[in-house]
Structures are given as C-alpha cells and as structure tokens.
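*Asks:* This is the structure I want to talk about, given as structure tokens.
The values are calculated or read from the model by the stated rules, or taken from the named source; none is laboratory data. Here the structure is a predicted model, which is why all the values come from computation and not from measurement. Neighbour counts are summed over all protein chains in view; Cβ atoms, including those assigned to glycine, are modelled from backbone coordinates with ideal geometry. Keep in mind that these areas ignore ligands, DNA and RNA; they rest on the heavy atoms of the full protein, side chains included. Shrake-Rupley method; radii C 1.70, N 1.55, O 1.52, S 1.80 Å.
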Amino acid sequence: MKLAQLNIALSKYPMDAPEIKDFVDNLEPVNAIADQSDGFVWRLQDDSGDATSINAFDDPNMLVNLSVWDSVDALKNFMFRTHHRDIMRRKSEWFYRSAEDTYVLWWIADGHIPSIEEAKERLDYLRNHGDSPYAFTFKSNYTPEDAATFELEV
C-alpha cells in the first residue's frame with residue numbers, strides 16, 4: 001500500500017500578489033525536490049507543474065496539495081529535511097491559520113491515484129471523527145494493516 005496525503009491552505013493573497021511572491025517563486029524548486037525524493041510516487045498538478053490553479057473548493061484562495069508516497073517516513077523526510085521545511089516555516093506570512101485540521105493521511109492500494117473528492121472526504125472524516133486508520137495525522141501511527149481491518153463509521 002501507499003500513503004496518500006492532502007493538505008489545504010487558505011491564502012491571504014491572490015497568487016499574483018507581491019505579498020506571496022516568495023511562496024510562488026519557491027513552488028517549482030520545492031516540487032522538483034518532491035519529484036526527486038526517495039519514496040515519492042505522484043502529485044496533483046496542472047499544466048504549469050503545480051496545483052495552485054486547481055479549484056477544489058469554492059474559495060479560489062484555498063490551495064490544495066495532494067500527493068502519494070511509499071511511506072510516512074518518505075513523506076516526513078521530504079517535508080522536514082528539505083527546502084520544503086524552510087518554506088513552511090514562513091507559512092503564517094502567506095496563509096491563514098485554521099481551527100480545523102488542514103491535512104490528512106490515508107493508505108491506498110498500490111497503483112491507485114486518489115481524486116480530489118476522495119481526499120476531501122477523508123479530510124471531512126478526520127475533522128468529524130478524529131484520527132483513525134481511515135483518515136489520520138502524523139500524531140498517529142496507523143499502518144496499512146490497520147486500514148485494511150478498519151470498519152468505517154457512517
């Protein structure tokens with residue numbers, strides 16, 4: 001199984017605003033690092049190579065990042081041991097804080113590419129039910145085996 005992740009962020013500015021230029025200028029280098037990272041499988045992107053123009057929510061300033069990794073460790077290595085970490089340390093300059101979870105992790109079958117709708121459903125489940133093998137955060141250590149035996153609450 002592979003690890004899918006969705007994270008969302010509500011931008012304080014339109015993507016062409018000067019206040020968010022440093023973030024926008026770092027999209028290509030950070031995405032290139034992801035693409036070359038050990039354990040990287042896939043990421044959502046449009047023709048420009050990123051996902052900033054993909055409107056998954058009603059608010060066009062709600063940015064979405066959806067990707068697939070071989071493992072939790074592979075994703076953590078990219079997030080916390082590359083230039084990605086340096087950019088995310090500045091996220092409060094560009095994005096609003098949210099009282100709700102803004103990211104979710106879940107296990108998927110090898111070869112499966114998650115849809116935006118699937119990812120949003122997992123985030124909603126996490127927000128409504130908390131961490132579970134179906135939808136979880138880094139605070140949990142759910143395994144693919146946990147996910148395979150989990151019975152979904154509806």
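*Asks:* Give all pairs with beta carbons closer than 6 Å in which a residue from the stretch 31-53 that is over 10 Å from S67 (Cβ atoms) and modelled with pLDDT under 90 meets a residue that is assigned to a loop (DSSP other than H, G, I, E, B) and among the β-branched types (V, I, T); count only pairs at least 6 apart in sequence or on separate chains.
*Replies:* D46/I54
*Asks:* Restricted to the stretch 1-30, and to residues that are without any contact (Cβ under 8 Å) to a residue 40 or more places away in the chain and open to solvent by 70 Å² or more (accessible area, probe 1.4 Å), which residue is farthest from E93 (Cα to Cα)?
*Replies:* Restricting to residues being without any contact (Cβ under 8 Å) to a residue 40 or more places away in the chain and open to solvent by 70 Å² or more (accessible area, probe 1.4 Å), the top hit is E28.
*Asks:* Just for the stretch 109-132: of the residues that are within 24 Å of Q45 (Cα to Cα) and of a type in the set (G, A, S), which one is least open to solvent (accessible area, probe 1.4 Å)?
*Replies:* The qualifying residue least open to solvent (accessible area, probe 1.4 Å) is A119.
*Asks:* Quick one: in the stretch 133-154, of everything that is open to solvent by 40 Å² or more (accessible area, probe 1.4 Å) and among the β-branched types (V, I, T), which residue is modelled with the lowest pLDDT?
*Replies:* Top of the filtered list is V154.
*Asks:* Contact list please: Cβ distance under 6 Å, first residue in the stretch 86-111 and at negative phi, second residue open to solvent by 80 Å² or more (accessible area, probe 1.4 Å), pairs at least six apart or on different chains.
*Replies:* Matching pairs, first to second residue: W107/M1.
*Asks:* Taking the condition of being touching a residue at least 24 places away in the same chain (Cβ under 8 Å) and open to solvent by 40 Å² or more (accessible area, probe 1.4 Å), how many residues in the stretch 72-85 meet it?
*Replies:* Our first condition is that a residue be touching a residue at least 24 places away in the same chain (Cβ under 8 Å); within the stretch 72-85, this holds for 72-78, 82-84.
Then drop every residue that is not open to solvent by 40 Å² or more (accessible area, probe 1.4 Å), which leaves 73, 76-77, 83.
Counting residues in the stretch 72-85 that are touching a residue at least 24 places away in the same chain (Cβ under 8 Å) and open to solvent by 40 Å² or more (accessible area, probe 1.4 Å) gives 4.
*Asks:* Further question on the same structure: Which residues, counting only those in the stretch 109-129, are more than 17 Å from the chain's Cα centre (by Cα) and in a loop (DSSP other than H, G, I, E, B)?
*Replies:* A109, D110, G111
*Asks:* Quick check, is A56 among the small types (G, A, S), in contact with a Leu (Cβ under 6 Å, 6 or more places away or on another chain), under 30 Å from P144 (Cβ atoms) and modelled with pLDDT under 95?
*Replies:* On the way: among the small types (G, A, S): yes; in contact with a Leu (Cβ under 6 Å, 6 or more places away or on another chain): no; under 30 Å from P144 (Cβ atoms): yes; modelled with pLDDT under 95: yes.
Criteria not met by A56.
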